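This report concerns only the one structure given below.
The values are calculated or read from the model by the stated rules, or taken from the named source; none is laboratory data. Everything numeric here is computed off the predicted structure, so don't read it as measured data. All Cβ positions, even for glycine, are placed from backbone atoms using ideal geometry, and neighbour counts span all protein chains on display. Heavy atoms of the whole protein, side chains included, go into the accessibility calculation; ligands, DNA and RNA do not. Shrake-Rupley method; radii C 1.70, N 1.55, O 1.52, S 1.80 Å.
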Amino acid sequence: MKNNIAIIILLFLGVVSCKKNDTEAPKETATEKTTTAVVTFTDAQIKAIDLQLGDFENKNLTTTLKINGKLSLPPQYQAQVSILTGGVVKNIFVQEGEFVNAGKTLATIANTDVIQLQQDYLENIANLSYLEKEYQRQKELRDDNINAGKTYQQSQRELQIAQAKKETLKSKLAQLGINASNLSSKNIASNIAISAPISGYIQHINLSMGKFADANAVLFEIIDNRFLYLDLKVFEKDIHKIKIGQQIEFSDANDVSHSHPAKIYAINKAFEPNEQAVIVHAKINETTETILPGMYVEARVKIDNTNTKALPTEAIVNNGNDHFIFVTTGKNIFQQIKVNIGATDLGYTEVKVIDVIPANAKVVIKGAYYLLSELTKGSGE
């Protein structure tokens, strides 16, 4: 009987013990969950990563809209140089990549037709002088009723024909770069000078010494990159945010570390073909040789200014789609705090706290990445 009582007591104690263990286990799990967002570093670790603490700051942050586009050049600042008549290349005075001013002689071309054209002009000038005198004589005779009206009219007609021919030949010579006003029998030019129609850089040279240059063939290409502008594509949902006069910072898509200023001066009034987007034009506010026509760019349009609580951008880390900061909760103890972010400008980002921050807690403004790495270490295993 005593043995049976002892067995019953032992069984009872075992059941109680099991229940106690079952109730304590969840408490340990809950404790682990509450401590997973806390990281403890040693003094040596803090020194090694140069961890720094700070506070929230009130900042005027500029809200920006990021848009893409490319650099373009107005047609009046790019030129393809050709000639109206062919000839043999005698001289080339420039090289590719060289900057030239408008009017500079790029090359000379020999053409016998040019010599004949100058001769025709000089002969016409001499004939015109005779016809002017003859006309004046016939006019005086007509006033005195000495000559016939037909003779006077014939003299007038020949003078008008010669005057028209003079202007025609003068225009043809001007198109070939020859100033007819200074032309005489002593300075007849044997070569045609090819001049730069605009100032800019020589992009291509399509001729060589001694080669016959065809009429209307493109011999030189010149571009003036000082007048580059931006063509930016803005989609329908963002069009209302864009206004003429807004400031822009843009960078080459392959070198985002160097930014350049620009200003919106025009907005297209129709969507692009097959796209719900319009092209916005912006003038570059500086002269630089590091950007070229056709380059793709990333631009940030300044929308408005917001006075808000902010932290240095490097104080904010992300894990997936969530953003976090770290604050102190004790000596060398750092708690992860979930936040939402807003505008980013000049190295600072707007921060809206979601979790509760302990009173008087300092914010980790440098080294937050290392704390996140320690916190998530092994999470992928």
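Excluding residues fewer than 8 places away in the same chain, name every one of the aspartates and glutamates whose C-alpha is closer than 16 Å to that of K377.
Hits, sequence-local ones excluded: E32.
Tell me the carbon and sulfur percent of the accessible area for the chain, rounded to whole percent, probe radius 1.4 Å.
51 percent
Starting from 0.36 nm per residue, how many nanometres of slack lie between S208 and K243 once their C-alpha separation is accounted for? Display every interim value, and only then the final one.
Numbers: separation 35, 0.36 × 35 = 12.60 nm, distance 4.98 nm.
So the extension gain works out to 7.6 nm.
Which whole-number value in Å² is the accessible area per residue of the chain, probe 1.4 Å? Walk me through the numbers on the way to the answer.
Working: 23520 Å² over 381 residues.
Per residue, the chain has 62 Å² of solvent-accessible surface.
Amide H neighbours of V339 under 5 Å, counting only residues 5+ apart in sequence or on other chains, H built in-plane at 1.01 Å?
Amide H neighbours of V339: H323, F324, I325, I354.
Roughly what angle does helix 149-175 make with the longest principal axis of the chain, taking Cα atoms, 0 to 90 degrees, to the nearest 10?
Orientation of helix 149-175: about 30 degrees from the principal axis.
With all pairs of different alpha carbon atoms counted, what Kirkwood hydrodynamic radius in Å does the stretch 165-287 show?
By the Kirkwood definition, the hydrodynamic radius is 19.5 Å.
Between D143 and K166, what's the calculated FRET efficiency when r is the beta-carbon distance and R0 is 41 Å? Round to 0.05.
So, using R0 = 41 Å, E works out to roughly 0.95.
Length gain on complete extension for the stretch H258 to Q153, per 0.36 nm per residue less the alpha carbon to alpha carbon distance?
Gain on stretching H258 to Q153: 30.2 nm.
Mind giving me the nanometre distance, one decimal, between the label points for N274 and D231, set 7 Å out from Cα along Cα→Cβ?
1.6 nm
Describe numerically, in nm with one decimal, the distance between label points set 7 Å from Cα along Cα→Cβ at E289 and at E123.
If labels sit at E289 and E123, their model points lie 5.2 nm apart.
Mind checking which of A164, G200, N179 is farthest towards the positive end of the stretch 150-201's charge dipole, using Cβ charges of +1 (Lys, Arg) and -1 (Asp, Glu) about the Cα centre?
Checking the options against the dipole of the stretch 150-201, the answer is A164.
In nm, to one decimal, how far is the Y130 label point from the N332 one, both placed 7 Å along Cα→Cβ?
11.4 nm
Quick check for me: using +1 on Lys/Arg Cβ and -1 on Asp/Glu Cβ, what's the dipole size of the chain about its Cα centre, in debye to the nearest 20?
Dipole of the chain, to the nearest 20 debye: 500 debye.
Just one of (1) 90, 22, 18; (2) 32, 29, 19; (3) 41, 23, 18 is semi-axes √(5λ) of the Cα gyration tensor in Å as worked out from the coordinates here. Which one is it?
(1)
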